[in-house]
1. Would you please name the residue that is least open to solvent (accessible area, probe 1.4 Å), looking only at residues in the stretch 96-113 that are among the β-branched types (Val, Ile, Thr) and without any contact (Cβ under 8 Å) to a residue 60 or more places away in the chain?
2. Please go through the stretch 160-182 and pick out each residue that is open to solvent by less than 10 Å² (accessible area, probe 1.4 Å) and at pLDDT 95 or above.
3. When the stretch 60-78 is examined, which residues are found to be within 13 Å of the ligand (Cβ to nearest atom) and either touching a Leu at 6+ places or on another chain (Cβ under 6 Å) or among the β-branched types (Val, Ile, Thr) (or both)?
4. Might you check whether a residue that is part of a helix (DSSP H, G or I), open to solvent by less than 60 Å² (accessible area, probe 1.4 Å) and touching a Phe, Trp or Tyr at 6+ places or on another chain (Cβ under 9 Å) occurs anywhere in the stretch 59-75?
5. Please identify the pairs in which a residue from the stretch 144-159 that is under 15 Å from Arg182 (Cα atoms) has its Cβ atom under 7 Å from the Cβ atom of a residue that is open to solvent by 40 Å² or more (accessible area, probe 1.4 Å), counting only partners at least 6 apart or on another chain.
6. Yes or no: the stretch 121-129 includes at least one residue that is open to solvent by less than 60 Å² (accessible area, probe 1.4 Å) and among the acidic types (Asp, Glu).
7. Go through the stretch 5-27 and count every residue that is under 17 Å from Thr61 (Cβ atoms), in contact with a helix residue (DSSP H, G or I) (Cβ under 9 Å, 6 or more places away or on another chain) and assigned to a helix (DSSP H, G or I).
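The values are calculated or read from the model by the stated rules, or taken from the named source; none is laboratory data. Note that the coordinates shown come from a computational prediction; the quantities given were computed from them, not determined experimentally. Neighbour counts are summed over all protein chains in view; Cβ atoms, including those assigned to glycine, are modelled from backbone coordinates with ideal geometry. To get the accessible areas, we keep the full protein, side chains included, count just its heavy atoms, and leave off ligands, DNA and RNA. Shrake-Rupley method; radii C 1.70, N 1.55, O 1.52, S 1.80 Å.
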Amino acid sequence: MAESIQELIQEADAECRRLSIPMLGPHKAAYLCELIREEQPKVVVEVGTAIGYSGLWIARTLRELGQGKLITLEQDDARADQAMRYFRRGGVEHIITLLRGDARTRIAEIDNTIDFLFLDGGFENYHPCLLACREKLRDGAMLVADNAGIGAAEMADYLALVRRSGESRTEWFETDLEWNPRDAMEITVLRM
Ligand SMILES: C[S@@+](CC[C@H](N)C(=O)[O-])C[C@H]1O[C@@H](n2cnc3c(N)ncnc32)[C@H](O)[C@@H]1O
């Protein structure tokens, strides 16, 4: 029987803090899920699965919406294995595809139209990932880039591109993450 996603989120949260695995944290995750609820995407793509903390939040939201699937990309096999265990335990593995390897190339293999792109896997990878999947993004797709505060310099190419390619805003958050107490997400509605 599937376990409670809320309990799995709490377990993954504690595991990330214990092992110093960076993750979104509850404040930004809740906001991300509000955006997903508003957008009602059929396909969400996440770059940077880690051990599945944010994936659990996203999958729970898609399950509540009764539609949509998550394609999530991770290059670290041990983290990807752990994420899959969480997804199976939560009974959401059937709405999740995990692609292993370098997201900068693997993201180009996605053959669905992408409605929602969440970037959280190496600041300098945001720009190449966006370019690699640009053709698949639908007009009006929402892009959410984490760490747009602390990572602004490393993702300057990405920020410049989205700010001239759509309606883009920088949303700041106070978090309970000791390694990152104040940071931003760049939220863009893409216009072709
Ligand atoms: C900040 S963590 C992701 C946290 C996750 N989104 C969460 O909130 O639970 C970043 C992850 O991106 C992965 N990553 C970094 N560069 C990558 C790449 N080029 N391709 C795929 N994954 C990558 C790292 O291995 C790491 O697990």
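1. Keep residues of the stretch 96-113 that are among the β-branched types (Val, Ile, Thr), which gives 96-97, 105, 107, 110, 113.
When the remaining residues are screened for being without any contact (Cβ under 8 Å) to a residue 60 or more places away in the chain, the result is 96-97, 105.
Values: Ile96: 15, Thr97: 61, Thr105: 92 Å².
Applying the filter and picking the extreme gives Ile96.
2. We begin by selecting, within the stretch 160-182, every residue open to solvent by less than 10 Å² (accessible area, probe 1.4 Å); these are 162, 177, 180.
Residue satisfying the conditions is Val162 alone.
3. Selection gives Ile71, Thr72, Leu73.
4. Here is the first cut: in the stretch 59-75, the residues part of a helix (DSSP H, G or I) are 59-65.
Narrowing the set further to residues that are open to solvent by less than 60 Å² (accessible area, probe 1.4 Å) leaves 59-62, 65.
Subsequent filtering for residues that are touching a Phe, Trp or Tyr at 6+ places or on another chain (Cβ under 9 Å) retains 59.
Yes, because at least one residue in the stretch 59-75 is part of a helix (DSSP H, G or I), open to solvent by less than 60 Å² (accessible area, probe 1.4 Å) and touching a Phe, Trp or Tyr at 6+ places or on another chain (Cβ under 9 Å).
5. What qualifies is Asn147/Phe123; Ala148/Thr170; Gly149/Trp172; Gly149/Arg182; Gly151/Phe123.
6. Let us first name the residues in the stretch 121-129 that are open to solvent by less than 60 Å² (accessible area, probe 1.4 Å), namely 121-123, 125-129.
Now narrow it down to the ones that are among the acidic types (Asp, Glu): none.
No.
7. Narrowing the stretch 5-27 to residues under 17 Å from Thr61 (Cβ atoms): 5-10, 12-13, 23-27.
From the residues that got through so far, the ones that are in contact with a helix residue (DSSP H, G or I) (Cβ under 9 Å, 6 or more places away or on another chain) too are 5-6, 8-9, 12-13, 23-26.
Narrowing further to those that are assigned to a helix (DSSP H, G or I): 5-6, 8-9, 12-13, 26.
Qualifying residue count, the stretch 5-27: 7.
Table: residues versus (1) within 16 Å of the ligand (Cβ to nearest atom); (2) out of contact with any Gly (no Cβ under 6 Å at 6 or more places or on another chain); (3) closer than 20 Å to Trp57 by Cα.
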| position | (1), (2), (3) |
| --- | --- |
| Arg89 | yes, yes, yes |
| Arg104 | yes, yes, no |
| Ile110 | yes, yes, no |
| Tyr126 | yes, yes, no |
| Cys129 | yes, yes, no |
| Ala132 | yes, yes, no |
| Gly140 | no, yes, no |
